[in-house]
Protein chains: 2
Amino acid sequence: MLDATRDLIEGGGYFGAGLNQVVAASGAPRGSLYFHFPGGKEQLVGESVRRAGREIGDVARELAEAAPDAVGLVTGMLALLGDRLEESGWRRGCPVATVALEMAATSDPLQEVCSEVYGSWEGTLRDRLAADGHPEPEDTAVAVLALVEGALLLARAHRSREPLERVTRRVAALL
Amino acid sequence: MLDATRDLIEGGGYFGAGLNQVVAASGAPRGSLYFHFPGGKEQLVGESVRRAGREIGDVARELAEAAPDAVGLVTGMLALLGDRLEESGWRRGCPVATVALEMAATSDPLQEVCSEVYGSWEGTLRDRLAADGHPEPEDTAVAVLALVEGALLLARAHRSREPLERVTRRVAALL
DNA sequence: ACCTCATAATAGATCGGTCTACATATTTTA
DNA sequence: TAAAATATGTAGACCGATCTATTATGAGGT
């Protein structure tokens, strides 16, 4: 159910993930949903976003250890996210962004989840920058995350990898 | 009706703008909506996004003429957008972003509108950078737009101006 | 008379959420 | 050890609310 929710969320956000579609895609019956997620849709989406955030965070952390420098880490993530995005027909961008924009002002629990996920991503980025001796690790980590999230947004809006490629060419200036 | 739609869109995207709320907020009756917008909700939202995009684009173009350099233009926009965002209780971010993420893969007309709006913003930014003799005006324009959009997203997710301030401090490196 | 547009009732579908019934497994009790 | 009770989920029908869209009607100006 969490995986089905995530797929639907990535395509169309909180409201794009109808509970009917979730139960249809997961094969589980309606009643089971409210047994496992008594908090209803809000809880289901919250746990799904947190789960997806941890997944991507793990990939980023692995890449942060493997990459030779911060530029390699960011360009690597951009390439990975670009593949995912294009292969899915411009559906799978950031699993957090859409929910964050839709619900940040409406739902306190979901805003908190989104904030935590982004905070953890900023943390792994900041740690790598600090380890490299970057002069402004905190400001730069947030800026880089904003740059990547913005690039994903523009890529989906244009249905093209071009924004990702342009950002990839310019990210070194920020680092 | 277009203004009411825009307000609702900024808060919660395409699905956050129920037509019942639109007609209630605008004071117009239900039927009038489908007289003026025979294309239904898709047309209404599309025109509203285009209208909002032109508004912000106009502000950006004025600021592009008034600002002493590209850094001033971007920091000016960030300050303006930050005010709007905080004053509205973290509701009014980018009127295009949420719809773009929700509908880019679903609705061809709306994807086209979002792509055009972002394209026009990239254009004014690129022109100013080219006029300043910047070496990579096209790549940089897209990167700066991505940076600003990402900063707005993070600010809404965290319900804080901090991401905007951090990005403001680091944007000079990109320019 | 004609066209433009306002007005509100209503249709039909879908929404998130709740309900009861049922199956299986585990624990308690005699 | 057998029977009863409880716990854990499955399963899908069903609810009111809300959604977008359509319809019929009528006011007002030309």
Per-residue Cβ contact counts at 10 Å, fewest first, order A:158, B:36, B:134 as B:36, B:134, A:158
Given only helices, namely DSSP H runs of n ≥ 4 each adding -39500 (n - 2.57), what is the per-residue ellipticity at 222 nm of chain B, to the nearest 500 deg cm²/dmol? -26500 deg cm²/dmol
Nearest 10 degrees is fine. How inclined is helix B:108-131 to the longest principal axis of chain B, computing both from alpha carbons? 20
Which whole-number percent of Cα pairs in the protein assembly as shown have a distance greater than 39 Å? 11
With only alpha-carbon pairs counted, each pair once and no self-pairs, how large is the Kirkwood hydrodynamic radius of the stretch A:46-174 in angstroms? 15.0
Roughly how tilted is helix B:70-87, in degrees to the nearest 10 and between 0 and 90, from the longest Cα axis of chain B? 40
Which ³J(HN,Hα) values in Hz, rounded to whole numbers, follow from the phi angles of the stretch A:56-63 under the Karplus curve 6.51 cos²θ - 1.76 cosθ + 1.60, where θ = phi - 60° and Gly and Pro get x? 5, x, 5, 4, 4, 5, 4, 5
Any idea what angle helix B:137-158 forms with the longest principal axis of chain B, computed on alpha-carbon atoms, 0 to 90 degrees, nearest 10? 60
Taking each label point as 7 Å beyond Cα in the direction of the beta carbon, state the distances from residue A:55 to the same residue in the other copies, shortest first, in nm. 3.7
What is the Cα centroid distance between the stretch A:122-174 and the stretch A:1-36, reported in whole angstrom? 31
How many angstrom lie between the Cα centre of the stretch A:51-97 and the Cα centre of the stretch B:61-115? 24
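All of the numbers you see were taken from the coordinates with simple rules; none came from a lab. Keep in mind that this is a model prediction, so the values were computed, not measured. Backbone-built Cβ (ideal geometry, glycine too); neighbour counts: all protein chains shown.
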